[in-house]
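The values are calculated or read from the model by the stated rules, or taken from the named source; none is laboratory data. Note that the coordinates shown come from a computational prediction; the quantities given were computed from them, not determined experimentally. FYI the Cβ positions are ideal-geometry reconstructions off the backbone, even for glycines, and counts take in every protein chain you see. To get the accessible areas, we keep the full protein, side chains included, count just its heavy atoms, and leave off ligands, DNA and RNA. Shrake-Rupley method; radii C 1.70, N 1.55, O 1.52, S 1.80 Å.
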Amino acid sequence: MACGEVPPIWLIAALRDPDYIKHAYNANFEWLCLSKWYGLLPPEQWRCTLFHGLYAGFPRSLQATGAAMGLAEDKQKLTVGKSLITYFCKPCKPTAKNGGRTRNLPKHDPEKWGLFKTYNAQDVVAEMEIERLLSKIPVPPWLQQQWVTNLKVNYRGVALDSDLVAGALNIMAEEQAALMDEAQKLTGLENPNSIAQVTAWINRIQPPDDQIPGLTKEIVADWLQRDGLHPAVRRMLEIRQELGKTSTKKYDKMAATVCKDGRVHGMMQFYKANRSGRWAGELVQLQNLPRTYLDFDSIGDIRQLVKQDQRDALTMLYGSVSDTLSQLIRTALVAGPGHVLIDADFSAIEARVISWVAQEQWRLEVFRTHGKIYEASASQMFGVPIDRIKKGNPEYALRQRGKVAELALGYGGGVMAMRRMDTGHQLDDVSDEEMQGIVNRWRETNRRIQGLWYDLENAAIDVIENGGSRATHGLILAREFNPDLQMSFLTILLPSGRKSYYVEPRITQNRWGQKAICYYGLNQETKKWMEIETYGGKLTENVIQSIARDCLGFVIDKLEAKGFPIVFHIHDEVVIDIQPWASPEAMLKAVTDIMSEPIPWAPGLPLNADGWVGTFFRKD
């Protein structure tokens, strides 16, 4: 080891000794680094204090968690660490002054190294204090096992089609160069990528009373919808739109993160969302991959064109190169050699869970039979026989209203939520008054779900104001006090047996003068730890997404135990990389049957799953 520092023999031995439980903040990092050095370590012997803090409702970072818990200054993380981590833990630029080295070692700056050791030692002090304070908030054993499974999934990784990625990057570079060249010839500007220069150029061409205010994505899209736009301005805005496509940057991320084994590892963040406990993406960010609308039968040929760097052929056959490459991003994730991918996802999992929790019987019957919730919802709202809502009939237009209503209104949303969820703009001709009528019909049709919002809100207010616990809809809400932290929590005990935690809850007044629930959490926009207001609809969303998440976690462990190795998953979808052992139909059925089996802690919850088998990832 550097500077003669060698870990004691007992510590090395303890890394594999089951009598020693290893704790660390973001323990997957320590586990992976030590496994790389000492050989694969038993993941079951590790505990993650970061995950423990998230489970209890605290933020991710060690510094923010310490501050949120009000740790004494001598127990908090030092703030000087970022520059030291950059100096010792990241490659450095080789220069004549540093002798052309690409790494800074302890011998290169002993004084900084001493400070770095002090910083790390203080980190351990902060981590130990946080774990001590969290000790009375136990993580359920089965949830801890899911953390272990996540560790294994990340270690397994997913194979990457590096030829496709390389071809896409080459074509995109050619496309961007061609677009920049065209933009320079069109405008005469020195830098047609400059917002200020392009805006000024457009406004010199446009009439004085019709000036473009900027070049945001929304403004460019809006202006391209105009009639009578100057041809040069239109083409420049089209070029701007093409150059502004950011989704293909994921190819850069793939190229940067693929390992020597041809796989990308570590893409799943465990328990990223405090209340729901859902996973989130890391590195390539699988949760926001673009959809694939290309004809499935043609995708194989299109992928070959990309691998062969055939930009002209792509342009001629498919138009927008950027859009085509964007749609192919998913397909860069592939099965390992001689393997196939099995992709399966729960059907309408949140709609099923909210129906089960609220005991909305007509919906449960739909899910136990044909499963066509959009058609059934439209049928209920508009009094039209469901068999009339099918393609070819004028009543089929009602399906879109039922679909948008189902996606937008389950958690208390209204007209604005309907507008946001109508991504295809198929309801643009529906007035706000008519839209409010749809909202009212949906709520009238789903009175038990509407009652769930109010019951949860009233139960939460009751326990926050009066203490104790209150049961509703198979959930138990309680006000709990932690004497070590000197903090109180609103907790919701879920059917799975885990709890959702809301830190330091209190009742205030909202802008309408009614009681409102507040708690401390991470603001998703500012990323600051602050007081957040919530309400019955939002509590319902937290609960439903939590239960849906627990269904997925239960199924992941079950699939793993049955010999189906998962390489990643997204919300309600699992992707398995496996050697073929039967027909594609038989393999898919084996997986969907497991996913559709009753869950012991959710009796009566009707589950169903569907999917596909192939050699590259896609979205049907």
Original post:
Inside the range 1-56, counting only helices (runs of 4 or more DSSP H) that do not spill past its ends, which hold 1 or more residues that are under 27 Å from the mean Cα position of the chain (by Cα) and closer than 24 Å to Lys107 by Cα?
Top reply: 27-38
Original post:
Is it true that Ile171 is in a helix (DSSP H, G or I), among the β-branched types (Val, Ile, Thr) and surrounded by fewer than 19 Cβ atoms within 10 Å (Cβ to Cβ)?
Top reply: no
Original post:
Considering only residues of the range 252-271 that are part of a loop (DSSP other than H, G, I, E, B) and buried (at least 17 other Cβ atoms within 10 Å of the Cβ), which is farthest from the chain's Cα centre (by Cα)?
Top reply: Val258
**OP:** Test Asp572 against the criterion of being open to solvent by 50 Å² or more (accessible area, probe 1.4 Å), of a type in the set (D, E, K, R), closer than 28 Å to Gln361 by Cβ and in contact (Cβ under 8 Å) with a residue 60 or more places away in the chain, and give yes or no.
**Re:** no
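The rows are residues; the columns are (1) in contact with a Phe, Trp or Tyr (Cβ under 9 Å, 6 or more places away or on another chain); (2) more than 25 Å from Met69 (Cβ to Cβ); (3) polar (S, T, N, Q).
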residue: Pro110; (1), (2), (3): no, yes, no
residue: Trp113; (1), (2), (3): yes, yes, no
residue: Asp123; (1), (2), (3): yes, no, no
residue: Met128; (1), (2), (3): no, no, no
residue: Ser135; (1), (2), (3): no, no, yes
residue: Pro141; (1), (2), (3): no, no, no
**OP:** For the range 31-65, enumerate the residues that are within 19 Å of Gln145 (Cβ to Cβ), crowded, with 17+ Cβ neighbours inside 10 Å and without any contact (Cβ under 8 Å) to a residue 60 or more places away in the chain.
**Re:** Leu41, Gln45, Leu50
**OP:** Enumerate the pairs (first residue in the range 296-320 and closer than 15 Å to Ser162 by Cα and modelled with pLDDT of 85 or more; second residue anywhere and surrounded by fewer than 18 Cβ atoms within 10 Å (Cβ to Cβ) and among the charged types (D, E, K, R)) with beta-carbon separation below 6 Å, excluding pairs fewer than 6 apart on the same chain, so at least 6 apart or on different chains.
**Re:** Lys307/Asp163
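This table checks each residue for (1) outside any helix (DSSP H, G or I); (2) crowded, with 21+ Cβ neighbours inside 10 Å; (3) of a type outside the set (A, V, I, L, M); (4) without any contact (Cβ under 8 Å) to a residue 60 or more places away in the chain.
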residue	(1), (2), (3), (4)
Glu395	no, no, yes, yes
Val430	yes, no, no, yes
Glu457	no, yes, yes, no
Asp462	no, no, yes, yes
Glu465	no, no, yes, yes
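A quick yes/no check of all residues on (1) open to solvent by 60 Å² or more (accessible area, probe 1.4 Å); (2) over 15 Å from Leu243 (Cα atoms); (3) without any contact (Cβ under 8 Å) to a residue 12 or more places away in the chain:
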site	(1), (2), (3)
Met180	no, no, no
Ala200	no, yes, yes
Arg204	yes, yes, yes
Asp209	yes, yes, yes
Ile212	no, yes, no
Val220	no, no, no
**OP:** Please tell me if Asp312 is under 24 Å from Asp577 (Cα atoms) and part of a helix (DSSP H, G or I).
**Re:** no
**OP:** Take the residues in the range 135-164 that are assigned to a helix (DSSP H, G or I) and more than 28 Å from Leu40 (Cβ to Cβ), then tell me which one is least open to solvent (accessible area, probe 1.4 Å).
**Re:** Leu164
**OP:** Filter the range 362-381 for residues that are in contact (Cβ under 8 Å) with a residue 12 or more places away in the chain and surrounded by fewer than 16 Cβ atoms within 10 Å (Cβ to Cβ) and give the result.
**Re:** Trp362, Arg368
